[in-house]
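The values are calculated or read from the model by the stated rules, or taken from the named source; none is laboratory data. From a predicted model like this one, the values you see are computed outputs, not experimental measurements. Neighbour counts run over all protein chains shown; Cβ positions are idealised from the backbone, glycine included. What goes into the accessible areas is simple: the full protein's heavy atoms, side chains included, and nothing from ligands, DNA or RNA. Shrake-Rupley method; radii C 1.70, N 1.55, O 1.52, S 1.80 Å.
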Amino acid sequence: MDSSEVKGNGIGVNNGFGIFLAATTPGTNTADNITIKNSDFSNNLKKGMYFEKLRNALIDNVIIDNCGTDAAYGFNNGIDINLKYDSYSNITIQNCSITNSGVMGTATDVNNPSALAIKARDDSPSYNTDPATLTGFTLKNCFVSGPVNGLRFGEFNKTNNSPTGNTVIENHFGGAYSNKAIVNKTANNISVSCNWYGSAVPGTVFALHGSGISFIPFLTNGTDDQFSTPGFQIVPGSCNGLGPVKNITQITSYPTIQLAVNAANNGDVIEIDPGTYNEQVLINKEVTIKNSGVKPVINFTGTPALVSGKLTIFEITVPNVTIDSLDFEVDLSKLGSAIIASASNINNLSIKNNDINPYKSGTLISFGLRNAVNINYGSYRISNANPSNIFAEKNNISYNFYGTPLDPNDDAGFRSGFATDEGGGTFTLNTIQTISSDIEARFGGAGDINVTSNNINGAGVNLAEYNGGAGNINVTGNIFDGTFGNTYSSSLRLKNNQQIKTTLVSGNTFQNHNWGISLENYRAVTITNNTFTPVSASTVFRHITVNTKLLASSSATITQTAIDAAFTNNTFNGSGTPGGTGMAFYNHDSDNDTYGTFTLGSSGNENNFNTGIANFIALDPSAGPSWPSAFPENNLGAGAITTMACWATDVNIENNKFDVGSGLQLPSAMNFTQRTILETALIPQTR
């Protein structure tokens, strides 16, 4: 067919097609050596061209404009090559204009309408018993535009095994699509190259491709270089567009983060351009992944499909990985984490300058799995992995309120910010707001644990039960704000120091809390130079508690240690309403309680207890089972019930200053009346 017009076919069950060529089964489907050129198939209501059989065909310099525009039809296309019941090959479309074609109509799948659809039907239930194949499809030098999709390979709601051997090169797709320029619904990755997508910005180009499409290099200039020649002719030298994910070590680029990781070598640096990346990534190379200047958004919205089954955006299985300056948007209806690092060796993990924001698209997944960054933690722990040199700096982990008041069962919030088992390292300059523990480090076995200069805005810091390989424990320079976490949880919990790891808590600000620090079966700790200010008007606050009991469901069987502590240079403030307790000492697990030395202030290093605190220091006299009792934090189940008894060792408070109405004074400097007032603020057995 040459120099023809087939235009304006319209309404009717069998109307609206410029060409309609059907196949049959069983039988041989012959439509070979077809050439259609220099023709116009515009304004056909349903499809400009429709083929169920086509072989060794050339469509050249054909105009197909404003086809597939039927609002009452569900399969609108400009050209629909819908091959059935046979093997086909060698179809070329070149120098054509297939534009403004393929509206949604009555379709419900956004991948359905397209300007151009190419498929060989082998999908069940209709076509798998007599499947079609297509080998060798070429689209070149064409103008293609939607409005919904440009080019689709495969049937929209199926997965086909062909076409294969595709060439899509030097076409002008533009960028005006409500969905994608190219959609792939086959089982194969399809490579296209040197096409124009209305922009030279890699992130914009990336967003116009569905999954399973490799599109690099792409054109960076969309000018038709030979306007008088049919079709689209590229500007020489313009096929130099790089992918949005670049390996700057190897000077290569990729359309996705995963493909970049797959091709990387250990030690490579991968940079991600701005844009939104909808993928889960297995990081099994020792690489640095960072932004190229502006944080890209990593937001996985599909069905989780990592081979390991881990519910995370990034899974890390090797040491020496750095994740720097990315924006993770985590759907807690599908995933629990932005990052899970779990393997026998994940040492030297660096996570810095990232934003990690939770949201939900449905019912929240299990609470215990919702840890923003999971490093060998919980169900993902590899015993004796002992990840060392963890470095977490300047990350922001947020909480997403879904209405008021606060409802952790409905809001999109992480259980923890950073959670690690057996790990060691530094957590510094982070801002975190989570439900259970902003930073949690258990069973430390890999050197020092440093928690420094963080903004702790959620449920606080939980450090527990170190192993022999742990080093010193340092909690310094943090701001603990208890506004969000004021339940029965303290801002800082230190638990089970049987390994006698030297612990320093220094220079921190504790504010807006009902419970500041909880020491549970803990020893070898110095708490110095901290400031404690409770939530305004509270009368039940406790700044520091010391307890022989571990507050956990297993506390009835825990191995007790000889507890001790030193407290110096701390400032304890009231709430503005008389009430509360400065320091409280409990013996809530008395079956094997053992005490070392407790130092409360020293000459020149006094603690300051300001006015408004009802009980400056309290030694608890409770006796009997720990539950039921007046202490709600002891309601931890039958396995946690222990026997309470009076606090059983002396506490010397002589080197502390108390304000009983006349300013801060040492007890030795008080007159009789002042000392009498002081005694009313000390629970009995204190001297």
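Brief remarks follow.
- Residues that are open to solvent by less than 30 Å² (accessible area, probe 1.4 Å) and under 22 Å from GLY210 (Cβ atoms), drawn from the stretch 250-270: SER253, PRO255, ILE257, ALA260, VAL261
Let's see how each residue does on (1) closer than 22 Å to PHE427 by Cβ; (2) open to solvent by less than 10 Å² (accessible area, probe 1.4 Å); (3) basic (Lys, Arg):
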residue: VAL461; (1), (2), (3): yes, yes, no
residue: GLY477; (1), (2), (3): yes, no, no
residue: ARG493; (1), (2), (3): yes, no, yes
residue: PHE532; (1), (2), (3): yes, yes, no
residue: ARG542; (1), (2), (3): no, no, yes
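- Scan of the stretch 591-650 for residues that are β-branched (Val, Ile, Thr) and open to solvent by 30 Å² or more (accessible area, probe 1.4 Å), ordered by number: THR594, THR597, THR599, THR611, ILE641, THR643, THR649
- Selected residue [at pLDDT 95 or above, farther than 25 Å from THR363 by Cβ and assigned to a strand (DSSP E or B)] from ILE339, ILE289: ILE289
- The selection criterion, being touching a residue at least 40 places away in the same chain (Cβ under 8 Å) and within 21 Å of ASN291 (Cβ to Cβ), does not hold for PRO230.
- Subset of the stretch 633-687 [of a type in the set (Ser, Thr, Tyr) and in a helix (DSSP H, G or I)]: SER668, THR673, THR676, THR680
- Of all residues in the stretch 281-299, those that are more than 15 Å from ILE340 (Cα to Cα), open to solvent by 30 Å² or more (accessible area, probe 1.4 Å) and in contact with a strand residue (DSSP E or B) (Cβ under 6 Å, 6 or more places away or on another chain) total 6.
- Residues in the stretch 351-379 that are open to solvent by 40 Å² or more (accessible area, probe 1.4 Å), out of contact with any strand residue (DSSP E or B) (no Cβ under 6 Å at 6 or more places or on another chain) and under 16 Å from ILE316 (Cα atoms): SER379 only.
- The lone criterion from (1) surrounded by fewer than 24 Cβ atoms within 10 Å (Cβ to Cβ); (2) within 25 Å of ALA305 (Cα to Cα) left unmet by ILE435 is number (2).
- Scan the stretch 174-197 for residues that are touching a Gly at 6+ places or on another chain (Cβ under 8 Å), open to solvent by 50 Å² or more (accessible area, probe 1.4 Å) and either part of a loop (DSSP other than H, G, I, E, B) or not charged (D, E, K, R) (or both) and the total you get is 5.
- Note on the stretch 86-122: residues that are open to solvent by less than 10 Å² (accessible area, probe 1.4 Å) and within 40 Å of the chain's Cα centre (by Cα) amount to 11.
- Of the residues contained in the stretch 233-249, none is found to be under 25 Å from ILE118 (Cβ atoms), under 30 Å from the mean Cα position of the chain (by Cα) and surrounded by fewer than 17 Cβ atoms within 10 Å (Cβ to Cβ).
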